[in-house]
């Protein structure tokens, strides 16, 4: 016997009580919604075991009497669970003192029910010991729960502190460091890292006490993908170098890890991996995993917001097609560079801008389509970026115009060399779909020393120099000179006047005879256009034809030339002034024959003039390579 009862009985009661207590604690820890009903049921079951122990060992006349009192203790214990767990401890200690005094015959017996008192004559030692153990258990239970409450308050405060620090940071890397530092400080993890995810790949954003951390984008390890799939914290005893190469290289010989997925809007945005080598995996508290999950949730939302903000900033700063800086970003960077230099002259260094324009880019769009044109712009951007220094800024200003912001010596020696390199490398054929496309560029170079009005003036000067490069035959570069402004202004004025020259009847045709060398007979004539400007006099076709090709006036000009030449030659034939088999040569641009309805327009013109189509010879004057597209071949 032990405590006045058979040892088997005491052992059965003790085992049952232990199993019940452990089960109750497990349910309490794992339950997400631990309410009053569950707590009351567990305490009632606990009281039944104690009452049974008292009854089978002869401690009371009836277990119901003792159970009634235990129910009152349970109620107070329930209240104490929600109010700091102090009441149950003092209540149990008071109960112990009273029952001990009764067992020692120091105070009279206390009735539990009217007319019925607890008897201590059989086993006073068991009574005192039982209630002492009950008080001790209640005290321990209170202490554990108070400790847990303190831990939860500390966890909550740590998350609040991390959240407050994250609110002031927009950079994903700095955000990840804050989260990782917060976890390591809170739980004492030895090392860890934070992974960011994008397009199915991962990159290390932050690391603590790690070894070989990859800096490039990697495929996610198996354990990371597993955490994403389960949407839960995974406990890992050790890493598999084959399946988890990224983590294995960053955390060599790692054991007892927690892999926590970061999920935002249902999509994985990263993962947190931490290690506590001195803690056995089975000993990792569920509270730690829960806090890890909450930290990961906070980090995921902030990381997603930071990514969205960065995306918005990129959209505002980058060209959406090529990824190069846009005009606004280029202008801002140029102003930032020039501002400290305002009013001063650096004898050794100077800011320079290279303005790049693709020659005859419209031909690519018209022949291969705008999709091919976009692909060409992307390819050109990549090639330009690979030909400049990392400190140079490459921007797409719009359409087929690019700019490079760089620094140079006052003589612009490096800018000249860069322009020559760009001219040479950019003309290498591009594979666009099934076609090999060759383009040339015209480049204008300007120095900040010639920019009177700052950034806008510098870009304008480079633009003027680029136009001069085009005027000099394209596929070359020119360095800005103030005298260029007058030349460019004159070209713009001529371009505007040329648009109306047809309406104002300022154009006329002259015909160059073509003679058969063997017979000396007239074989044909070539129609040549002349512009009789009312103020400038006769303007050379070499000047205004190029301007017409640049501003699009070549289309209306070409239609007028064809119509007038056919009409006049037809009139000569009807008058018998020319041989019936004399041919007519007319120059047309590549842009003209790519226009819808060009063939039909030529047919109607010949029909109206009464000319045989076989006697019309059209020569393409466009200097750019004409692509053999189905439309042009059919034409």
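Working from label points 7 Å from Cα in the Cα-to-Cβ sense, the residue 486 to residue 424 distance is 3.6 nm.
Summary of packing: across the peptides 463-471, 422-430, 256-264, the per-residue average of other C-beta atoms within 10 Å ranks them, highest first, as 256-264, 463-471, 422-430. Round to a whole angstrom and tell me the spacing of the C-alpha centers of segment 358-402 and segment 416-465. Between the Cα centres of segment 358-402 and segment 416-465 lies a distance of 11 Å. Neighbour counts of C-beta atoms inside 10 Å place 246, 438 in the sequence 438, 246, starting with the fewest. Label sites at residue 169 and residue 349, each approximated as a point 7 angstrom past Cα along Cα to Cβ, lie 3.2 nm apart.
Each semi-axis of the equivalent ellipsoid for segment 494-634 is √(5λ) with λ an eigenvalue of the Cα gyration tensor; in descending order they amount to 25, 20, 15 Å. Highest mean packing first, where packing is the average number of other Cβ atoms within 10 Å per residue, the peptides 392-403, 165-176 line up as 392-403, 165-176. Peptides 567-574, 383-390 ranked from most to least packed by the mean count of surrounding Cβ atoms within 10 Å: 567-574, 383-390.
For segment 491-509, backbone nitrogen atoms closer than 16 Å to the point 7 Å from residue 530 Cα along Cα-to-C-beta are found at 505-509. Considering only the Cα atoms of segment 544-594, their convex hull presents on average a projected area of 4.0 nm². Here the convex hull built on the C-alpha positions of segment 422-509 has a volume of 174 cubic angstrom per residue.
Looking only at segment 557-576, which residues have a backbone nitrogen under 18 Å from a spot 7 Å from the Cα of residue 506 in the C-beta direction? Under cut-off, by backbone N: 557-561.
For a label point 7 Å from the Cα of residue 342 along Cα→C-beta, name the residues of segment 446-469 whose backbone N is under 17 Å from it. Answer for segment 446-469: 448-459. Each residue, residue 157 and residue 515, gets one label point 7 Å from its Cα in the Cβ direction; the gap between the two is 10.9 nm. Eigenvalues of the alpha-carbon gyration tensor of segment 327-482, scaled by 5 and square-rooted, set the equivalent ellipsoid semi-axes at 28, 15, 14 angstrom, largest first.
Since every read-out is calculated from the coordinates, none of them should be taken as a lab result. A quick note: this is a predicted structure, and the numbers were derived from the prediction, not measured. Every residue, glycine as well, gets a Cβ built from its backbone with ideal geometry; the counts of neighbours run over all protein chains shown.
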